[in-house]
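The values are calculated or read from the model by the stated rules, or taken from the named source; none is laboratory data. All values reported here derive from a predicted model rather than from experimental measurement. Positions of Cβ are backbone-derived with ideal geometry, glycine not excepted, and every protein chain shown enters the neighbour counts.
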Amino acid sequence: MKSNNVILRSVARVAVVIILTFSFYLFMNGHHNPGGGFIGGLSTAAAIVLMYISFGIEKVSENIRMDFRKLAAIGVLIAIGTGTAGVLFGKPFLTQTFGHFDLPIFGDTELASAIIFDTGVALAVIGTAVNIILSISEDR
Amino acid sequence: MSMNNLLITPVVIPLFTGMVLILFQRNIRLQRVLSLVALLVTSVISVLLMNQIRSGGIQTLQLGGWEAPFGISFVGDMFSAMLLLATSVVSICCLLYAFPSIGRKQEKLYFYPLFLFLVTGVNGSFLTGDLFNLYVFFEVFLVASYVLITMGGDKRQLGESLKYIFTNIISSAFFLMGIAYLYSITGTLNLAHLSIRIAEVGQDGLITTVAFLFLIVFALKAGLLLYYWLPGSYSVPPTAIAAIFAALLTKVGIYAIFRMFTLIFYHEPQITHLLIGILAAITMVLGGLGAIGYWDLRKILTFNVVISVGFIMAGLVSLTPEGITGSIYYLVHDMLIKALVFLVGGTIIHITGTSNLKEISGLIRHHPRLGWMFFIAALSMVGIPPLSGFLGKVFITQGSFEAGYYWLGGIGLLASLFILYSMIKIFMNAFWGETTLSVEEEKGTTKGLLLPIALLTIASLTLGIGAEGIADYVSQAAEELLNPNLYIHAVFD
C-alpha cells in the first residue's frame with residue numbers, strides 16, 4: 001500500500017491503545033457480566049488487525065514475532081488443560097472453582113479458575129482470527 | 001448423580017493431540033507416532049466404555065457439574081460406544097494407509113492435526129446429549145473435512161470441494177434454523193429433556209414439520225436421497241482421506257437420524273418413518289443404478305456408499321427390535337467395509353494410474369493378496385454368511401417384513417443384487433482377465449499399503465465370524481434405542 005495514510009496511522013496509534021484497554025476490560029469483566037475470553041480475544045484481534053492494516057504486514061511482523069497458528073493451539077491446550085484439572089480432583093470435566101483472597105491494594109478479591117480457561121479461549125480466538133486475516137492477505 | 005469422566009476422553013484426546021501436533025509441525029515422525037498413539041488410546045477407551053455400559057447401563061457426564069438440562073450433558077449408550085470403537089478402528093487403518101501414501105507436503109500442511117480434529121468431531125457427535133453441541137461437533141468435523149478434501153489441490157478437486165462446502169454450509173444453516181424452531185417450541189435443547197417435553201405436549205403438526213427439517217439436514221449429511229454431492233466429492237481426495245470420509249462422515253448423519261427419530265420424534269412413525277422409508281427405497285434404487293451404470297472405479301464405490309445408507313435406514317423404518325438390531329450390525333459392518341473397499345480401490349488406482357475399469361485388467365497375477373481381500377470385502381457387502389454383512393441383512397429384512405414394509409424389504413434385497421453386480425464387475429474387470437501391466441510398468445508400489453487393508457479385512461472377518469460374541473451388546477444397543485426412557489433416566493437420575 002503506497003498511498004498516503006498519515007491520518008490512518010495517527011488514528012491507529014491512539015485507537016489501538018483504546019481498543020486493547022477496552023478488550024482487557026471486556027476480558028476481566030466476563031466472569032459475572034457480559035464479556036469474557038471470546039469477545040475479549042476478538043477485540044484484541046481487531047486491534048492487531050488494525051495495526052497490520054495501517055502499518056503494513058512486514059513492519060508489524062518485525063515487532064510482533066509470533067506464530068499465530070501456534071498461539072491458537074496453545075490457547076486450546078490451556079483451555080483443555082483447565083478442563084482436565086477438575087478431572088484430577090474427581091470432579092466432572094470443565095468443573096470450575098473460585099475463592100476469595102485478601103490481596104494488597106485490591107483488598108478482598110474473588111479469584112476464579114475460570115480466568116485461566118478464559119485466557120486459553122482468548123489466545124485461541126486471537127490466534128485464529130489474526131491467522132485468518134493474514135492468510136487472506138497473503139493470497140493474490 | 002452418576003458421573004463418568006471417561007465419556008469426554010474420546011473428544012479430548014484427539015483434540016489435545018491435534019493441538020500439540022500444530023506446535024511440532026515440522027517433526028513428521030513425532031506427528032505420526034502421536035496420532036497413532038492417540039487413536040489407539042481412544043479405541044481402548046471405547047472398549048472400556050462398552051463394558052461399563054454393558055454392566056452399568058447408559059453412562060452420563062454433566063460437564064462442569066451443571067445438572068441437566070441446564071448444563072451440557074454427555075451421554076454414552078451402547079449404540080454410541082459401538083460406533084466409537086468402529087470409528088477408532090477405521091481411523092487407525094486410514095492413518096496407517098496415509099503414512100506411506102499421503103506425501104511429505106501434506107504431512108507438513110497439518111494433515112495429522114486435521115485428521116485428529118475430524119475424529120474429534122465424529123466422536124463428539126456420537127457422545128453429546130445436547131442438540132446445540134451436536135451442531136458444534138458437526139461443524140468441527142466438517143471444517144476439518146473442508147480442508148482435508150482440498151488436500152493436493154488439483155482443479156477438479158477444488159471444483160468438487162466447492163460443491164461439498166456449499167452443500168454443507170446450506171445444510172448447517174437449516175440445522176441452526178431447526179434448532180431455533182425446536183427451542184422456541186419446547187424451551188430446551190437437551191436431547192433427553194426434548195424427549196420428555198415432546199412426549200408431554202404431543203408431537204403435533206408443527207413439531208412433525210420441524211422433524212422434517214431435521215430430516216432434510218441429516219439426509220444431506222448422510223446422503224439419504226440428497227446424495228447428489230457425494231459421488232463427486234468422495235472421488236477426488238487422496239485415498240486415505242476418501243476412505244475415512246466414506247467410512248465415517250455419512251455415518252454421522254445416519255447416527256443423527258437414528259438418535260432424533262428414536263429419542264425425540266418417534267410419536268408419528270406412520271408419517272415420519274414412512275417418509276424415511278420412501279427416501280430409503282429411492283436411495284437404494286438410484287444408488288444401485290449408479291453403481292451398475294458407471295465404469296469408473298471410484299464412482300462405483302461411492303454409489304455403493306449411497307446404497308448402504310438407504311439399506312441401514314430401512315431398519316429404522318421398521319422400529320422393531322430386529323430391524324434396529326440389523327441396522328446396528330450393518331452400520332458397524334459398513335464403516336469397516338467402506339474404508340476397506342475405498343482403500344483397495346485407491347490402491348488399484350495407485351498401481352495402474354487410472355480409475356477406468358476398461359483400462360484395468362488381470363491385477364490378480366501380481367497382486368493376489370489385494371485381489372482376494374477385495375473379493376472377501378465384496379462378498380461381505382453382498383451379505384454372504386458368515387461374513388460381517390450377513391447378520392445385518394437378515395435382521396433388517398426380517399424387521400421390514402415383520403413391520404409390514406414388504407416393498408422396503410424387497411427393495412433392500414434387490415439392492416443386494418445391485419451391490420453384487422457392481423462389486424463383481426470391479427473384481428472381474430480389474431483382477432481377472434489378461435495381465436496387461438508387468439511389474440515394471442506399474443505406476444506405483446503397494447509397499448506399506450497392504451497392512452491397513454489386511455487389518456480391516458481381519459476386523460471385518462472378526463465381526464462376521466464373532467457376531468455371536470457381540471450379540472448381547474448389539475441387542476442392548478437396540479433395546480436402548482427403542483426405549484427412550486432408559487436414555488432419559490440416565491440423564492436425569
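Worth pointing out:
- Helices (runs of 4 or more DSSP H) fully within the range A:26-105 that include at least 3 residues being over 12 Å from the mean Cα position of the chain (by Cα), within 14 Å of chain B (Cβ to nearest Cβ) and not charged (D, E, K, R): A:68-88.
- Selection over the range B:192-215 of residues that are more than 23 Å from B:ALA173 (Cβ to Cβ) and more than 26 Å from the chain's Cα centre (by Cα) gives a count of 11.
- Scanning the range B:5-42 for residues that are polar (S, T, N, Q) and surrounded by 17 or more Cβ atoms within 10 Å (Cβ to Cβ), we see that the one that is nearest to the other protein chains (Cβ to nearest Cβ) is B:ASN5.
- One residue stands out among those in the range B:353-406 that are of a type in the set (D, E, K, R) and within 20 Å of B:SER422 (Cα to Cα): the one that is surrounded by the fewest Cβ atoms within 10 Å (Cβ to Cβ), which is B:LYS358.
- Here B:VAL317 meets each of (1) touching a residue at least 24 places away in the same chain (Cβ under 8 Å); (2) surrounded by fewer than 24 Cβ atoms within 10 Å (Cβ to Cβ); (3) part of a helix (DSSP H, G or I) with one exception, condition (2).
- Check on B:VAL491, among the β-branched types (Val, Ile, Thr) and either buried (at least 22 other Cβ atoms within 10 Å of the Cβ) or within 30 Å of B:MET82 (Cβ to Cβ) (or both): yes
- Odd one out for B:GLY433, checked against (1) buried (at least 23 other Cβ atoms within 10 Å of the Cβ); (2) over 26 Å from B:ILE58 (Cα atoms); (3) among the small types (Gly, Ala, Ser): (1)
- Residues of the range A:29-78 satisfying the condition of being of a type in the set (Val, Ile, Thr), in contact with a helix residue (DSSP H, G or I) (Cβ under 7 Å, 6 or more places away or on another chain) and farther than 26 Å from A:LEU111 by Cβ: A:ILE48, A:VAL49, A:ILE57, A:VAL60
- Annotation note: of B:GLY187, B:GLY202, the sole residue that is over 18 Å from B:LEU131 (Cβ atoms) and not aliphatic (A, V, I, L, M) is B:GLY202.
- In the range B:192-215, the count of residues that are assigned to a helix (DSSP H, G or I) and under 19 Å from B:PHE141 (Cβ atoms) is one or more.
- When B:GLY404 is tested against the conditions (1) outside any helix (DSSP H, G or I); (2) more than 28 Å from B:VAL285 (Cα to Cα); (3) free of Cβ contacts under 8 Å to residues at least 24 places away in the same chain, the lone failure is (2).
- Which numbered condition B:PHE115 fails, given (1) more than 22 Å from B:MET260 (Cβ to Cβ); (2) surrounded by 24 or more Cβ atoms within 10 Å (Cβ to Cβ); (3) among the aromatic types (Phe, Trp, Tyr); (4) within 14 Å of chain A (Cβ to nearest Cβ): (4)
- Verdict on B:ILE72 being away from chain A (no Cβ under 14 Å) and out of contact with any Gly (no Cβ under 6 Å at 6 or more places or on another chain): no
- On the stretch given as the range B:439-467, residues that are more than 23 Å from the chain's Cα centre (by Cα) and surrounded by fewer than 16 Cβ atoms within 10 Å (Cβ to Cβ) total 8.
- Sole exception among (1) crowded, with 22+ Cβ neighbours inside 10 Å; (2) under 19 Å from the mean Cα position of the chain (by Cα) for B:LEU182, by number: (2)
- Flag if B:GLY153 is on the phi > 0 side of the Ramachandran plot and either small (Gly, Ala, Ser) or touching a helix residue (DSSP H, G or I) at 6+ places or on another chain (Cβ under 9 Å) (or both): yes
- Helices (runs of 4 or more DSSP H) contained in the range B:50-135 and holding at least 1 residues under 21 Å from B:LEU40 (Cβ atoms) and β-branched (Val, Ile, Thr): B:78-101, B:111-127
- Filter result for A:THR128 (modelled with pLDDT of 90 or more and either surrounded by fewer than 20 Cβ atoms within 10 Å (Cβ to Cβ) or of a type in the set (Ser, Thr, Tyr) (or both)): yes
- Screening the candidates B:SER438, B:SER422 for the property of being among the polar types (S, T, N, Q) and farther than 23 Å from B:LEU286 by Cα yields one hit, B:SER438.
- Test: residue in the range A:128-136 that is without any contact (Cβ under 8 Å) to a residue 12 or more places away in the chain, touching a Pro at 6+ places or on another chain (Cβ under 7 Å), part of a helix (DSSP H, G or I) and under 24 Å from B:MET19 (Cα atoms): no
- Consider the range A:106-126 and keep the residues that are within 12 Å of chain B (Cβ to nearest Cβ) and in contact (Cβ under 8 Å) with a residue 60 or more places away in the chain. The one that is farthest from the chain's Cα centre (by Cα) is A:ALA114.
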